[in-house]
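Read the figures in this text as sums done on the coordinates, not as results from a lab. Just so you know, these numbers come straight off a predicted model, no measurement behind them. Every residue, glycine among them, receives a Cβ derived from its backbone with ideal geometry; neighbour counts consider all protein chains shown.
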């Protein structure tokens, strides 16, 4: 049998336990917030030597892997803690990109680009200084 003094603390302990659990739940949701990709666009580079792929995001993408050519003619770019916005708009690719897909999974967004037959490009990813967008330069080689 429990002493009467401990029984009076039971509701207080329950209250604080629930309060801490609620705080942990909402804090964890904030930490895992993801940037949402609204659109991917293709624009000729200003120097005329290729194209820039712009990933329009709702907020700053925290991190991304360096884009890489997974096999000849196929480029993959992983955006960490990112997803697709409900109103995501898929546009037709232009330039050296023949087709592309944006596939969410495991909290990340994988962008895959299929290049035109025989296209060789140098890849460089960077952030837009004036927005939340990410940019991928496809400089055509040769």
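Each residue, residue 39 and residue 63, gets one label point 7 Å from its Cα in the Cβ direction; the gap between the two is 3.0 nm.
Each label was represented as a point 7 Å from its Cα along the Cα-to-Cβ direction; for residue 47 and residue 123 these points are 2.0 nm apart.
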